[in-house]
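A.B. asks: The following block contains the structure, expressed as structure tokens.
Nothing in this text is a laboratory measurement; each read-out follows from the coordinates by a stated rule. Small disclaimer: the values here were computed from a predicted structure and weren't measured. Cβ placement follows ideal geometry from the backbone for every residue including glycine, while neighbour counts extend to all protein chains displayed.
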Amino acid sequence: MPDSDTGAPPRVVLVTAAALAVALAVAVAVFALTRPSPSDSAGPLPLVPVPAPAAGSPGCTTLLGAVPSELTSNGTTLKVRALAAPAPPATVAWGDADPVVLRCGLGRPPELTPTAQLRLVNKVQWLQVPGEGASTWYVVDREVYAALTVPDSAGTGPLQAVSDTVAAKLAPQPLRFG
């Protein structure tokens, strides 16, 4: 029954409506705070296989057996992540939302030419191939080609750590252009 002076709904209806609105707002806030975020990955990382003719080589076995279990990316620790089956051979990944992925045993990158600009990082020569939201860095001066795909937001920590492992485990080789 409306309030006889103002024509407004009864006070009980207003209080009930306000209480429901507050309860709904609290429920939405609780859901938002407790649901898993995209970075809280709940399972193995699915990766598309790429041709890796030398994935079973001794060089890849040596390299992948020595990679760190954690990488530091802009002050954040990225842990090794399980890969979904069937996992590509000679591949390891770190992190959740935007993982860092190392693949070993790849063919020579077509971008590797005598005039390609290479970067020396901790005694390892890398060829950077920019992509959308990430760059892939190819180790080009070792017995096997390896590629480290790093999100643009990752900083240089993953590249430096993997360079240290490559330098420690695989001897330098002359560049091969084809």
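A.B. asks: Going by amide H atoms built from the backbone, whose H comes under 5 Å of the H on Ser135, apart from near neighbours?
C.D. replies: Val150, Asp152
A.B. asks: Right, here's the next one. Over segment 44-176, calculate the relative contact order: mean separation of alpha carbon pairs under 8 Å at least 6 apart, over the residue count, as a percent. Write out the running numbers ahead of the final one.
C.D. replies: Working: 260 pairs, mean separation 34.4, N = 133.
Once divided by the residue count of segment 44-176, the mean separation gives 26 percent.
A.B. asks: Can you list residues whose amide H is under 5 Å from Asp141's amide H, if they're 5+ apart or on another chain and H is modeled 1.01 Å from N?
C.D. replies: Amide H neighbours of Asp141, under 5 Å, 5+ apart: Gln125.
A.B. asks: Which whole-Hz ³J(HN,Hα) couplings does segment 76-83 yield from phi under the Karplus relation 6.51 cos²θ - 1.76 cosθ + 1.60, θ = phi - 60°, glycine and proline marked x?
C.D. replies: 9, 8, 9, 9, 4, 10, 5, 9
A.B. asks: Assign one of three labels to segment 52-138, namely rounded, prolate or oblate, based on the Cα gyration tensor with a ≥ b ≥ c the square roots of its eigenvalues; rounded applies when a/c is under 1.5, prolate when it is not and a/b is larger than b/c, and oblate otherwise. Present the calculation step by step, with values, prior to reporting the outcome.
C.D. replies: On the way: a/c = 1.62, a/b = 1.21, b/c = 1.34.
Oblate shape, in that a/c is at least 1.5 and b/c is the bigger or equal ratio.
A.B. asks: Only residues of segment 46-65 count here: report those whose backbone N is under 16 Å from the spot 7 Å along Cα→Cβ of Arg108, or say none.
C.D. replies: Inside the label zone: 53-54.
A.B. asks: Sticking with this structure for a sec: For the pair Phe177 and Thr77, how long in nm is the line joining their label points, each one 7 Å along Cα→Cβ?
C.D. replies: Placing both labels 7 Å beyond Cα along the Cβ direction yields 4.5 nm.
A.B. asks: Hey, another quick one. Once phi is turned into ³J(HN,Hα) by the Karplus curve 6.51 cos²θ - 1.76 cosθ + 1.60 with θ = phi - 60°, what whole-Hz value does each residue of segment 58-67 show in order, with x for glycine and proline?
C.D. replies: After applying 6.51 cos²θ - 1.76 cosθ + 1.60, I find x, x, 5, 4, 5, 4, 5, x, 10, 5 Hz.
A.B. asks: How many nm is it between the label spots at Ala84 and Thr61, if each spot is 7 Å from the Cα in line with the beta carbon?
C.D. replies: 3.0
A.B. asks: Now a separate question. Stretched out fully, how many nm does the piece from Asn122 to Asp164 gain, at 0.36 nm a residue minus the Cα gap?
C.D. replies: Working: separation 42, 0.36 × 42 = 15.12 nm, distance 0.62 nm.
So the extension gain works out to 14.5 nm.
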